[in-house]
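Student: Take a look at this one; I'll ask things after.
The values are calculated or read from the model by the stated rules, or taken from the named source; none is laboratory data. The structure displayed is predicted, hence computed values, not measured ones. Please note: Cβ atoms are built from the backbone with ideal geometry, for glycine as well, and neighbour counts cover all protein chains shown. What goes into the accessible areas is simple: the full protein's heavy atoms, side chains included, and nothing from ligands, DNA or RNA. Shrake-Rupley method; radii C 1.70, N 1.55, O 1.52, S 1.80 Å.
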Amino acid sequence: KRSTNTTGVTGVSVRRYKAYIMYRAQIEVRGKTINLGEYKTLEDAAKARKTAEEKYFAPIIEDFYKNKP
């Protein structure tokens, strides 16, 4: 976790608007940032981030172990 992370969840940041607060989830894959959306609760944003990790990182990890001698 980065020292500037205020939510405690990797890839989730707080967006403060005048009347409400939203949680933005994002993930970086191979140098490209993918926005996963804004959510009303931290739990929803964390769930979106976890789902994206499984979707984007699993194939990369599988390829790594397949090509390892």
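Student: Can you grab the distance from the C-alpha centre of region 54-68 to the C-alpha centre of region 1-42, Å, no decimals?
Tutor: Here the two parts' Cα centres lie 25 Å apart.
Student: Taking θ = phi - 60°, what integer Hz values does the Karplus form 6.51 cos²θ - 1.76 cosθ + 1.60 yield along region 4-18, in sequence order, with x for Gly and Pro?
Tutor: Values per residue, Gly and Pro as x: 8, 6, 9, 8, x, 10, 4, x, 10, 10, 9, 10, 9, 9, 4 Hz.
Student: Show the residues, 5+ positions off or on another chain, whose built amide H is closer than 5 Å to the amide H of residue 39.
Tutor: 23, 24, 25
Student: On to the next question. Treating the beta-carbon of each Lys and Arg as +1 and of each Asp and Glu as -1, no other charges, what is the dipole magnitude of region 9-69 about its Cα centre, to the nearest 20 debye?
Tutor: 240
Student: What Kirkwood radius, in Å to one decimal, follows from the Cα pairs of the chain?
Tutor: The answer is 13.2 Å.
Student: Something else: If each of residue 18 and residue 40 carries a label point 7 Å out from its Cα toward its Cβ, how far apart are those two points in nm?
Tutor: 2.1
Student: Further question: For 3, 13, what's the largest-to-smallest order of accessible area, 1.4 Å probe?
Tutor: 3, 13
Student: Something else about it: Quick check: net charge around residue 28, other residues with Cβ under 13 Å of its Cβ, Lys/Arg +1 and Asp/Glu -1?
Tutor: Around residue 28, the charge tally is +3.
Student: How much net charge surrounds residue 15 when only the other residues with a Cβ under 12 Å from the Cβ of residue 15 are counted, with Lys and Arg +1 and Asp and Glu -1?
Tutor: Net charge in that neighbourhood comes out at +3.
Student: For Cα pairs less than 8 Å apart in space and 6+ apart in sequence, what is the mean separation divided by the residue count of region 1-64, i.e. the relative contact order in percent?
Tutor: 23
Student: Continuing with the same structure: Note down the accessible area of residue 44, probe 1.4 Å, to the nearest 10 Å².
Tutor: 80
Student: Once fully extended, how much extra length lies between residue 6 and residue 64, figured as 0.36 nm per residue of separation less the alpha-carbon to alpha-carbon distance?
Tutor: Contour length minus the Cα-Cα distance gives 17.7 nm.
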